[in-house]
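Input: a single structure, listed below in structure tokens.
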Amino acid sequence: MNTMIVKIQSEGDSFSPQEEMALRQAGEIIKNGGLVAFPTETVYGLGGDGLNRESSRKIYAAKGRPPDNPLIIHICRLEDIYPIVGDFPEAARKAAEAFWPGPLTMVLPKSGKVPFETTGGLDTVAVRFPSHPVARKLIGFSGGYVAAPSANLSGKPSPTAAKYVIEDLEGRIDMILDGGEDEIGLESTILDMTVTPPQILRPGFITKEMLEGVLGEIGTDITIINPESSQAPKAPGMKYRHYAPKGELTIVEGSPEQVVDYVNRSAAEDRAAGEKTGVIAASDFLGGYCADVVKCVGSREEEEGIARKLYAILREFDDEGVTRIYSEGFDSQGLGQAIMNRLLKAAGHNVVRL
Ligand code: AMP
Ligand code: MG
């Protein structure tokens, strides 16, 4: 399949006539059952018609995604939620008012309009109203309901720029809209609104603290905090080893001196054994590390910067052929919870605590 790649790089909501035309064309592709990758404020999405079971099947096939890992339906107007949910409770309304458009996905009972192919066989549907102007315009031209998981091959880190989508999906989908680099860099927060209190199934940019400020008590799926839990994760996607670089990743936690010392000793052993070594570190102790490639995620004070850079760094290690990666751990409060959640999944929960 020939994949069309179109740059849409206007700032804000105003598009050039050419861009407007490309967005219309992309919408037609989705309406006709095709697939288009597009930028959002979190990561790039791979979009198809969420109400068309064949489109959803195509999304799973293009990504190599297990069919029980449901998709998120993206809307571009709040009122469009009513036809696809069985119920839109007061708490969900409040959360929508506070955080939509934006990086929050809510899980609600699904209506008969949503095929089980889109929800991975579940009776619930995940809905998001993104803020990115390209995403909103595209959804409008596509019929209003765009099912989209992240636009990566299953198991790879989510793409934060079009070049990573091209790397993974060129030749497998109809079109890629290149809207530059995504702002947030981590997937949306997923909040289950079918339980009381509402429960976080996947941490993200909208933190527990922010949700509590609007909704009161919020629960967290035990499998996010305790990976050794024998309970099955409620967000089916969480059970897969996701976000993984090709190299083996180990998270090292302890005092800064202990971490630097441990990483340097381990990296030296790895190098002696013929491995190419890499380190992910915050700016604070960067100079102390000795490895083939040392990557800085930025300052610990700026978690938003860390979130934005993390997936690109994991992919760069792949490109550079790094086979053993060590990462510092990060604070697990606020946005740090989402960062650590993704890092732990990338590492297959391989953590050394000194
Ligand atoms: P992705 O953004 O590519 O990780 O894919 C969407 C995520 O949303 C997956 O991790 C799914 O498990 C999760 N998800 C989608 N629909 C539901 C649902 N109905 N209930 C729980 N989680 C869901
Ligand atoms: Mg994904």
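Readers should treat all values here as calculations from the given coordinates under stated rules, not as data from a laboratory. None of the values given here were measured: they were computed from a predicted structure. A quick note on method: Cβ atoms are made from the backbone with ideal geometry, for glycine too, and the neighbour counts reach across all protein chains shown.
Values for this structure:
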item: Options A148, A267, Q199, ranked by Cα towards positive dipole end of the chain, top entry (Cβ charges); result: A148
item: Within a Gaussian network of the chain (alpha carbon springs, distance under 10 Å), most fluctuating of V134, V322, V43; result: V322
item: Filtered GluC sites (Glu not before Pro), the stretch 1-99: DSSP coil and at most 14 other beta carbons within 10 Å; result: E11
item: Where labels lie 7 Å past Cα in the beta-carbon direction, separation of T220 and A273 in nm; result: 3.3 nm
item: Euclidean distance of C-alpha centroids, the stretch 103-182 and the stretch 30-45, integer Å; result: 5 Å
item: About the Cα centre, charge dipole magnitude for the chain (Lys/Arg +1, Asp/Glu -1 at Cβ), debye; result: 1020 debye
item: Neighbour net charge for G329 - beta-carbon separation under 11 angstrom, K R +1, D E -1; result: -1
item: With Cα atoms, 0 to 90° folded angle of helix 335-346 axis to the chain main axis; result: 80 degrees
item: Share of alpha-carbon pairs per 20 Å distance bin for the chain, given as whole %; result: 31, 57, 12, 0
item: Positive-end residue of F38, P83, P70, charge dipole of the stretch 7-86 with Cβ unit charges; result: P70
item: The stretch 258-300: equivalent-ellipsoid semi-axes (sqrt of 5 x gyration tensor eigenvalues, Cα, Å); result: 19, 11, 6
item: Choice from P159, P83, P245 showing the highest fluctuation, given a GNM over the chain with Cα pairs closer than 10 Å; result: P83
item: Unit charges on C-beta of K, R, D, E only; dipole of the stretch 1-122, Debye; result: 440 debye
item: Structure-based [θ]222 nm, the chain - -39500 (n - 2.57) summed over DSSP H runs of at least 4, per residue, nearest 500; result: -9500 deg cm²/dmol
item: Over the stretch 62-209, volume per residue of the alpha carbon convex hull, in Å³; result: 114 Å³
item: Signed unit charges on C-beta, dipole axis of the chain, positive-most listed residue A126, S283, S255; result: A126
